[in-house]
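No value in this document is a laboratory result; all are computed from the given coordinates. Computed from a predicted model, the values in this text were never measured in an experiment. Neighbour counts are summed over all protein chains in view; Cβ atoms, including those assigned to glycine, are modelled from backbone coordinates with ideal geometry.
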Amino acid sequence: MGRKMMACVGMLIGVWLPMTGYANDEDIMFQVQPVVSESQVDTHASYFDMELERGEEETVHMLLVNNGAEQIELVMNYHPATTTSQLEVDYSEAGTNQLENNIEYDEHHLLEPFETKEVPITVTMPDDVQEGIILGGMYVEMDQDDEASGLINAYAYIIGMQLMNDRDEAEALRPNLNLQSVRTDLVYGEPGLVAELANDVAVAATPLHVQTTIYRDGELFLEDERQAGSMAPSSVADFFIAWPDRQVAPGNYEVDLTISDEEETWQWTDSFHVEADEADDLNEASIISSDNSTMLWLIMGGAMIALLVGVAYYAGKRGSAKRSA
């Protein structure tokens with residue numbers, strides 16, 4: 001049951017370049033696989049890896065597989081690589097990068113029971129492409145209005161797409177990190193430090209070792225250390241550290257931040273001030289506050305019940321389909 005639950009609700013995403021994962025699990029409603037073409041640089045990779053000249057056009061293909069006995073509709077979109085608040089490379093959100101207006105594909109695909117469909121994706125390397133890597137992925141999920149499964153948008157596949165104009169130049173590049181600002185704010189309803197970081201070079205920064213020391217009114221307030229962080233090429237991230245007592249206090253804050261990879265170290269010191277009324281507003285809006293936390297647990301409990309009902313419904317339908325086959 002644990003395996004089935006994970007397959008139904010988990011994002012099938014790799015740490016940097018995403019792969020397909022769980023491809024043989026019979027309870028996965030659909031599968032997505034890249035088709036290796038002559039333009040593929042790394043033929044053993046489970047993502048698209050291309051080196052193209054400026055203005056060069058290339059068409060690659062993906063296989064969409066319906067594993068079930070009912071018709072389904074899949075939605076496919078290109079997502080650029082971004083960096084999360086925990087310094088992880090992510091492909092689950094729509095956004096923009098150099099490939100935004102240079103990739104063509106059909107967004108909606110209807111698959112009959114047990115059908116396998118090969119779909120084309122046409123990529124054109126931008127004429128003004130910068131040195132480095134264009135990193136993103138093809139994000140495939142169940143159509144929001146498709147109720148055949150009983151589990152709407154329960155999981156998604158992402159097939160990574162890495163483009164380079166000159167591989168030797170790209171591999172010689174080094175990331176360059178900058179600290180843009182520091183402040184206290186809410187992230188997903190939780191109060192903490194937000195340090196806006198930028199990687200202004202089109203190459204991934206990984207692995208990153210992050211050390212943070214925060215002082216409040218001249219006294220040590222918080223120490224934090226992270227290993228194995230990453231930043232996507234040409235990306236900005238609101239790096240987040242939750243306050244240790246989950247409450248915002250007024251005062252003068254100083255932040256010492258050190259980030260290093262295997263070859264370089266970046267160090268910054270910055271400060272910010274929190275007024276009493278600002279702290280009160282953030283604490284009141286926080287989900288950690290007593291009133292909001294009760295509502296949060298109710299919502300989470302309801303969502304879990306709905307998820308379990310959905311999984312049971314889908315498992316029942318799968319069992320009925322197998323018995324009738």
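Descriptive notes on the structure:
- The phi-based Karplus calculation (6.51 cos²θ - 1.76 cosθ + 1.60; θ = phi - 60°) puts the 3J(HN,Hα) values of segment 259-275 at 10, 9, 10, 6, 10, 9, 10, 10, 10, 9, 10, 9, 9, 7, 10, 10, 6 Hz, whole numbers, x for Gly and Pro.
- Efficiency of FRET from Cβ geometry, Q247 and W268, R₀ 30 Å, rounded to 0.05: 0.75
- Given +1 at the Cβ of Lys and Arg, -1 at the Cβ of Asp and Glu and no other charges, the dipole of segment 174-275 around its Cα centre is 220 debye to the nearest 20.
- Three principal axis lengths of segment 174-275 [C-alpha, angstrom, descending]: 39, 26, 20
- Note on I159, I287: ascending count of other Cβ atoms within 10 Å places them as I287, I159, the fewest first.
- For segment 33-50, 3J(HN,Hα) per residue [Karplus equation, 6.51 cos²θ - 1.76 cosθ + 1.60, θ = phi - 60°, Hz, x = Gly/Pro]: 9, x, 9, 5, 10, 5, 7, 5, 6, 9, 6, 8, 6, 9, 9, 7, 10, 10
- Separation of segment 92-134 from segment 203-255 is 34 Å, based on Cα centroids.
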